[in-house]
Amino acid sequence: MTTIEVAFVAIVGFAGGLAAGTGFVAFLVVLGVIPRLTQLTKTMKWIHAYEWSAVAGAVIGGWMSLRSSVLGASKYWLLPLGMFSGVFIGMLAAALTEVLNVWPILAKRMGMADKVILLLMAIVFGKVFGALFYWIYFVEGK
């Protein structure tokens, strides 16, 4: 790999990490997931534990996905783990659709209110080109 290719991959990886991180932060902050959770469970004194567990879960999950870790658990754990993962992904997808309400507010504060479509299209095209780059460049007939 040449230096330019390494730099390009690093920039694309950093941009993808920023996109995922901002989505996660928007999910937690805009929707107020953690304060609402502590309110429902009447455990407001444990709010810092909830926040740190969310941060730790994101960091450990990212680390495990980069290392291709294997848990070595029994096959009988697959059904409950799969169900919990599916519920989490479904709820996350549903909640992130609500985050799209943030873009008009953000664009107005940045003085780009007339360019909301441009911002959304930049995200869409970035995701499309990133996925195409991954599948064309990294997945070579595997």
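The numbers here are math on the coordinates, done by the rules we state, and not lab data. Remember, predicted model here, so these are calculated numbers, not experimental data. Please note: Cβ atoms are built from the backbone with ideal geometry, for glycine as well, and neighbour counts cover all protein chains shown.
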Efficiency of FRET from Cβ geometry, residue 89 and residue 44, R₀ 35 Å, rounded to 0.05
0.80
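Helix-only estimate, please: 222 nm mean residue ellipticity of the chain, summing -39500 (n - 2.57) across DSSP H runs of length 4 or more and dividing by its residues, to the nearest 500. Can you show the working numbers first?
Details: 6 runs with 106 residues, N = 142.
It lands at -25000 deg cm²/dmol.
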Over all directions, the average projected area of the alpha-carbon convex hull for the range 1-56 comes to how many nm²?
4.6 nm²
Any lysines whose Cα falls less than 26 Å from that of residue 127, other than same-chain ones fewer than 8 residues away, would be 108, 115, 142
In whole angstrom, largest first, the equivalent ellipsoid semi-axes that the Cα gyration tensor gives for the chain are 29, 27, 14
Karplus-derived 3J(HN,Hα), 6.51/-1.76/1.60, for each residue of the range 10-15, Hz, glycine and proline x:
5, 5, 5, x, 5, 5
